[in-house]
1. Give me the 1.4 Å probe accessible area per residue for segment 332-441, excluding ligands and nucleic acids, in Å².
2. Cβ neighbours within 10 Å, averaged per peptide: list 353-360, 300-307 in order, most packed at the top.
3. Based on the Cβ-Cβ distance of residue 124 and residue 207, what FRET efficiency does E = 1/(1 + (r/R0)^6) give at R0 = 22 Å, to the nearest 0.05?
4. With no other cysteine's Cβ closer than 4.7 Å, which Cys residues of the chain count as lacking a disulfide-compatible partner?
5. With all protein chains present, how much of the accessible area of the chain (probe radius 1.4 Å) comes from carbon and sulfur, to the nearest whole percent?
6. When the chain is fully extended, how far beyond the present Cα-Cα distance does residue 345 get from residue 231, taking 0.36 nm per residue of separation?
7. Applying the Karplus parametrisation 6.51 cos²θ - 1.76 cosθ + 1.60 with θ = phi - 60° to the phi angles of segment 262-272, what ³J(HN,Hα) value in whole Hz is obtained for each residue in order, glycine and proline being reported as x?
8. Which residues in segment 39-69 place their backbone N less than 16 Å from a point set 7 Å from the Cα of residue 267 along the Cα-to-Cβ direction?
Amino acid sequence: MSTHANLTKSEIRPLNVLYIGIDSISRLNFIRTMPKTHEFLANTGWVDFKGYNKIGDNTFPNLVAILTGKQYSVAKCFPTQIGCIDKYGFIWTDYQKLGYVTAYAEDESSINTFNFNKKGFSQKPTDYYFRTYAVAMDHLKKKKVDEMDYCTGPESSGERILNTAKDFINTFIDYPNFGFFWMNSFSHNKLNSPTRMDTKVAKFLEDIYESGYFNHSVIIFLSDHGIRFGNVRSTRTGWLEERLPYLFLWFPKWFQDKYPEKYYNLKVNAKSRLTTPYDLYMTIQDVLVLSGFKYNIKSSEGCAACSSLLDQLPSRSCEDVAIDTHWCTCFGYKNVDVNQEIVKRASNFVVNNINNVITSHSSVAKKCAKYSLSKVTRAAISIGKSNASKAYLLIIVETMPEAVFESTVTVVNGSITDRSYLSRLDSYFAHSRCVVGDLQKYCYCK
Ligand SMILES: [Zn+2]
């Protein structure tokens, strides 16, 4: 309590900030599986971002970008080191220093964003930090659905997070508050599973709307990426949806009236601009300035060109805003014959890369089998790029031992020059337990 004990009630209040996040839901899958929640957002006038593109594979890089503006893979330390994550510089600390009460809570303790294969925070990152609460939930009677702890004790795990968020904002209704609330337990593994919580999420939003909270708050309703594995990933929409999570923003009506140009920019950016988690980081800094604080906005270390979503953004390419080709949805692909010579070379190149990633972890590499190419499932070439000599080949391969990988290979004048990130399209939890960390995505334990 010490950090906010001296807060005073004020008639002119800075904007509260509330993130409500649900893991692994694309914009399209949100509309399909959570129609009641979507209808509420549409009826109350939220801004719906159609080109919000993820910048990394899974939860961690995308949330680090949102909360710190950084690309974690080039950070000075690795999150597998104790105390590393504490040094990242989270935006909630800036809010806390300016007198906000802060909170962070997440369900499904085994895969919490900053703890899964990582060391987590050494120091409590926010005034109210619910990691211990999430770990304590593990001792309750559980009901697993889709391999996740859907129910813990008498509540569903997601409901606990929503109730925690509601308690937090009701408790600090008279004070500026910043809350980050994240749910995995009903969305992470299966495409249709968010449906189960649609009514409860809609009710939560309706309740805080009725309470008047919306009048004083910026609300960020978001996901981090779409479904990353399973059958849907072998479809074209599955490729797109993995890369395009939903993002809806709420700004109060008085804000819209006070800053009409900024709100206009927001709507244009939502409808017709490529936007990123780094832009969201910049926006939440902008909120501090617009709330009247003397605050120096820091540029995003992960994307120097990224900017507040309330600014007039130019048309941008993925290169402009630090989105790797593998995650870029700005150009499409058309299928090519998998028997082409270049496809064969590219496929072997991808499998060699996977084996090289494994052998680079010299201390544990011997625990993992060496992959060989079994089958090229799909090969497709980029369309809509202006540089005729340069193209991207999207390659999906199946291997022995059995795994499915996707990679985007750069081809210049017929030569393979570079590979980008790799996606793992099948679920690997069951046979990667002999190693820890990011290597799990690649390792098939012997
Ligand atoms: Zn995620």
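The values are calculated or read from the model by the stated rules, or taken from the named source; none is laboratory data. Everything numeric here is computed off the predicted structure, so don't read it as measured data. Cβ: placed from backbone, ideal geometry, glycine included. Neighbour counts: every protein chain shown. Accessible surface is based on the protein model in full, side chains and every heavy atom, while ligands, DNA and RNA are left aside. Shrake-Rupley method; radii C 1.70, N 1.55, O 1.52, S 1.80 Å.
1. Details: 5410 Å² over 110 residues.
Averaged over the residues of segment 332-441, the accessible area is 49 Å².
2. On the way: 353-360: 15.8, 300-307: 20.9.
So the peptides 353-360, 300-307, ranked by packing, come out 300-307, 353-360.
3. On the way: r = 28 Å, r/R0 = 1.27.
It comes to 0.20.
4. Flagged as lacking a Cys partner: 151, 330.
5. Values: 9880 of 19170 Å².
Result for the chain: 52 percent of the exposed heavy-atom area is carbon or sulfur.
6. Working: separation 114, 0.36 × 114 = 41.04 nm, distance 2.61 nm.
Fully extending the segment from residue 345 to residue 231 adds 38.4 nm.
7. Per residue, the Karplus-derived 3J(HN,Hα) values read 5, 5, 5, 4, 4, 5, 5, 4, 5, 8, 9 Hz.
8. Flagged as within label range: 42-50.
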